[in-house]
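Structure first, then comments.
The values are calculated or read from the model by the stated rules, or taken from the named source; none is laboratory data. Bear in mind that the values here come from a model prediction, so they are computed numbers and not experimental data. In this analysis, Cβ positions are derived from the backbone assuming ideal geometry, glycine residues included, and neighbour counts consider all displayed protein chains. Keep in mind that these areas ignore ligands, DNA and RNA; they rest on the heavy atoms of the full protein, side chains included. Shrake-Rupley method; radii C 1.70, N 1.55, O 1.52, S 1.80 Å.
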Amino acid sequence: MIQPLGTKLHVLIEQEGEDKQKKVNFSNVITSPAEADIVKLGEVMADLGQEGSSLDSVIVTNQTRVVKTAQ
């Protein structure tokens, strides 16, 4: 049996003058969010960051559990 556990988003933001990207995580996101909504969220997070920040990418992780059913 397959049991959905949830969706997570990891927003990666480039910061001007920094070698390392800023990572913002979101748990318990709706299942199968629209691509445009994911990008919009990433852009908002980059806008809220320090001056010169820009969206690099967003990683979407869908987790499910598979359990053996009794026969």
- Query: Which aspartates and glutamates have a Cα lying under 16 Å from the Cα of Lys20, excluding residues fewer than 8 positions away in the same chain?
  - Reply: Glu51, Asp56
- Message: Over the chain, with the other protein chains present, what is the accessible area per residue in square angstrom, probe 1.4 angstrom?
- Response: 78
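When the dipole is taken about the Cα centre of the chain, and only Lys, Arg (+1) and Asp, Glu (-1) are charged at their Cβ, what size is it in debye, to the nearest 20? All intermediate terms of the calculation are to be shown ahead of the outcome.
Numbers: 7 positive and 10 negative charges, 151 e Å.
Its charge dipole is roughly 720 debye.
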- Query: Which lysines does Lys8 reach when only Cα atoms under 19 Å apart count, and residues fewer than 8 places away in its own chain are ignored?
  - Reply: Lys22, Lys23, Lys40
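In the chain, what percent of the accessible surface is made up of carbon and sulfur (1.4 Å probe, ligands and nucleic acids excluded)?
49
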- In Å, what is the Rg of the alpha-carbon atoms in region 1-61, and how long is Dmax? 13.0, 48
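Once every DSSP H run of n ≥ 4 in the chain is given -39500 (n - 2.57) and the sum is divided by its residues, what mean residue ellipticity at 222 nm do you get, rounded to the nearest 500 deg cm²/dmol?
Helix-only estimate at 222 nm: -6500 deg cm²/dmol.
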- Using 7 Å Cα-to-Cβ label points, what is the Ser27/Asn62 separation (nm, one decimal)? 2.1
- Query: Using alpha carbons only, how many degrees (0 to 90, rounded to 10) separate the axis of helix 35-48 from the longest principal axis of the chain?
  - Reply: 40
- Message: Can you list residues from other chains, or at least 5 along the same chain, whose modelled amide H is less than 5 Å from the amide H of Ser53?
- Response: Glu16
